[in-house]
Amino acid sequence: MEKQEEINSNPGADWENFRDDDIMLQHSAIRDEQAHKILFLGDKEPLSALAAEYQSGSSILLEKIKLLDEKYCAIRRTRGDGNCFFRSFMFSYLEHILETQDKAEIDRVKVNVEECRKTLQSLGYADFTFEDFFALFLEQLESVVQGADASISHDELVERSRDQSISDYVVMFFRFVTSGEIRKRSEFFEPFILGLTNATVDQFCKSSVEPMGEESDHVHITALSDALGVPVRVVYLDNSSCDTGGVSVNHHDFVPCSLSNDGSSGLEINPYITLLYRPGHYDILYPK
Amino acid sequence: MTSSSTQSRKVLSKIAQNRLQKELAEWQLNPPPGLKHKITDNLQRWVIDVSGAPGTLYANETYQLQVDFPEHYPMEAPQVIFVPPAPLHPHIYSNGHICLDILYDSWSPAMTVNSICISILSMLSSSTSKQRPPDNDRYVKNCRNGRSPKETRWWFHDDKA
């Protein structure tokens, strides 16, 4: 039903609700407008830029940023358009490959990408729905390998991540991969999904994973990390503090099941993707 | 009324063209039951005959869907409307606009013309009354300037809305 009209024609709708709904829509319109003023991916900024945001705000946050400052040197912001987790993941991963030129990792991830392709096929997705997105991701992966005609520099990687015709397609690739993994292991993911919403696994994938702009949380991160075999560290920055009054910054490592189940559990896993989570948003963090 | 014809339409991107050609080939190979695509040389606008399923309120009735594809399909949703006269249905306006979440906010490139048409057909099949949305007249009046349904701020109450 159309929003404006629904109010006038539905005698059951009270004005109290109408205002809330309307304000909600207005807020989301303002958020959309704000979001578009920020690039898909920002420049690398020192952590002091983060502290500056809270100068007149919460002392807990400022203390936590001080703690972050001991371990991390920089932040790179992403646009708050609901795709920030996937876009942060995309840039962090490709930047890592570009900087390390880790051929073994490229070969490894390609095997996982082919697995993901088979997963989608066996779930009944028509090839033409996802193949362009897969091709575009693999193209980006190839291009960060140096020494070929199509190789790109770090600056070009930043540019591509800001170019909607590339960036959004890679985000969509990750959404396909995430949805495929959740559906493939639906028994594993079902209880987590039920904890978030009332939806079935199929409904969740259709409404909260596959459409662009739908925000991610631990279900998405777990699934993507597992599917691609890439560990992710998420550092949490919020207003919480311990009962004792002490302040500490928590983080959680998403360790792909392929790494945690292969008997090397004694091994310390050091994720090379680190994201900063503030309620509702992910940015990229750079360790010292 | 075809609001889209009044808008300036950009040509399809290469990816969109490529994708639509594949969707069309697949459609012709496995035509979905109850749906008939009219062959034209216009890849950017598909006109599809929808036959009401037997045993439903729309049995023996045929309607026409018009599907217009934007430059950046499938990243952007297609515009899907019924060519008036539109079926009498609580979520279909008399100007042909359809209130269905997957056509707007919940669109995903994982969907296809085929899956959208099947959803619309199933929306018809599950209907228990032949009537217009309660706000039909007001909504249609607001659209007289040729507004696309994609510009409407839809408010989906639940799966019945």
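The values are calculated or read from the model by the stated rules, or taken from the named source; none is laboratory data. As the structure is a computational prediction, the values presented were derived from the model and not from experiment. Here the Cβ is made from the backbone with ideal geometry for all residues, glycine too, and neighbour counts use every protein chain on show. Heavy atoms of the whole protein, side chains included, go into the accessibility calculation; ligands, DNA and RNA do not. Shrake-Rupley method; radii C 1.70, N 1.55, O 1.52, S 1.80 Å.
Of everything in region A:132-147 that is within 13 Å of another protein chain (Cβ to nearest Cβ) and touching a helix residue (DSSP H, G or I) at 6+ places or on another chain (Cβ under 8 Å), the residue that is surrounded by the most Cβ atoms within 10 Å (Cβ to Cβ) is A:Phe133.
Selection of region B:106-161 for residues being under 19 Å from A:Lys206 (Cβ atoms) and of a type in the set (Asp, Glu) yields B:Asp158, B:Asp159.
Consider region A:110-129. How many of its residues are in a helix (DSSP H, G or I) and more than 10 Å from every other protein chain (Cβ to nearest Cβ)? Before you say what the answer is, go through the steps one by one.
Taking region A:110-129 as the starting set, the residues that turn out to be in a helix (DSSP H, G or I) are A:110-122, A:127-129.
Keeping just the survivors that are more than 10 Å from every other protein chain (Cβ to nearest Cβ) gives A:110-119, A:121-122.
Result for region A:110-129: 12.
Checking every residue in region A:226-242 against the condition of being closer than 23 Å to B:Ser106 by Cβ and away from chain B (no Cβ under 14 Å) gives at least one match. Selection over region A:130-163 of residues that are outside any loop (DSSP other than H, G, I, E, B) and touching a residue at least 40 places away in the same chain (Cβ under 8 Å) gives a count of 10.
Every condition in (1) among the aliphatic types (A, V, I, L, M); (2) more than 16 Å from A:Tyr282 (Cβ to Cβ); (3) in contact (Cβ under 8 Å) with a residue 12 or more places away in the chain is met by A:Val171 except one, and the failing one is (2). Candidates B:Leu24, B:Leu20, B:Leu35: the one that is open to solvent by less than 70 Å² (accessible area, probe 1.4 Å) and touching a His at 6+ places or on another chain (Cβ under 9 Å) is B:Leu24. Close Cβ contacts (under 7 Å, 6 or more residues apart or on different chains) running from residues in region B:68-87 that are within 11 Å of chain A (Cβ to nearest Cβ) to residues that are among the charged types (D, E, K, R) and open to solvent by 10 Å² or more (accessible area, probe 1.4 Å) comprise B:Glu71/B:Lys10; B:Met75/A:Asp168; B:Ala77/B:Lys150. Of the residues screened, B:Thr56 is not one that is of a type in the set (Ser, Thr, Tyr) and without any contact (Cβ under 8 Å) to a residue 60 or more places away in the chain. Please work out if A:Asp107 is assigned to a helix (DSSP H, G or I), over 22 Å from the mean Cα position of the chain (by Cα) and among the acidic types (Asp, Glu). Judged against the criteria, A:Asp107 is a match. Note on region B:71-95: residues that are out of contact with any Cys (no Cβ under 9 Å at 6 or more places or on another chain) and either open to solvent by 30 Å² or more (accessible area, probe 1.4 Å) or of a type in the set (Val, Ile, Thr) (or both) total 10.
Filtered by the rule that a residue be part of a helix (DSSP H, G or I) and either within 12 Å of chain A (Cβ to nearest Cβ) or open to solvent by less than 20 Å² (accessible area, probe 1.4 Å) (or both), region B:104-122 gives B:Val113, B:Asn114, B:Ser115, B:Ile116, B:Cys117, B:Ser119, B:Ile120. For the residues A:Leu98, A:Leu41, A:Leu62, the requirement of being farther than 30 Å from B:Ile98 by Cβ, at pLDDT below 95 and away from chain B (no Cβ under 14 Å) singles out A:Leu62. The residues of region B:132-149 that are within 13 Å of chain A (Cβ to nearest Cβ) and open to solvent by 80 Å² or more (accessible area, probe 1.4 Å), listed by number, are B:Pro134, B:Asp137, B:Arg138, B:Lys141. Anything in region B:150-161 that is in contact with an Asp or Glu (Cβ under 8 Å, 6 or more places away or on another chain) and crowded, with 16+ Cβ neighbours inside 10 Å? List them, or say none. Matches in region B:150-161: B:Thr152, B:Trp154, B:Trp155, B:Phe156. In the condition set (1) within 23 Å of A:Ala126 (Cβ to Cβ); (2) in contact (Cβ under 8 Å) with a residue 24 or more places away in the chain, B:Asn136 is compliant with all but (1). On the stretch given as region A:164-218, residues that are more than 26 Å from A:Glu139 (Cβ to Cβ) and either in a loop (DSSP other than H, G, I, E, B) or open to solvent by 60 Å² or more (accessible area, probe 1.4 Å) (or both) total 19.
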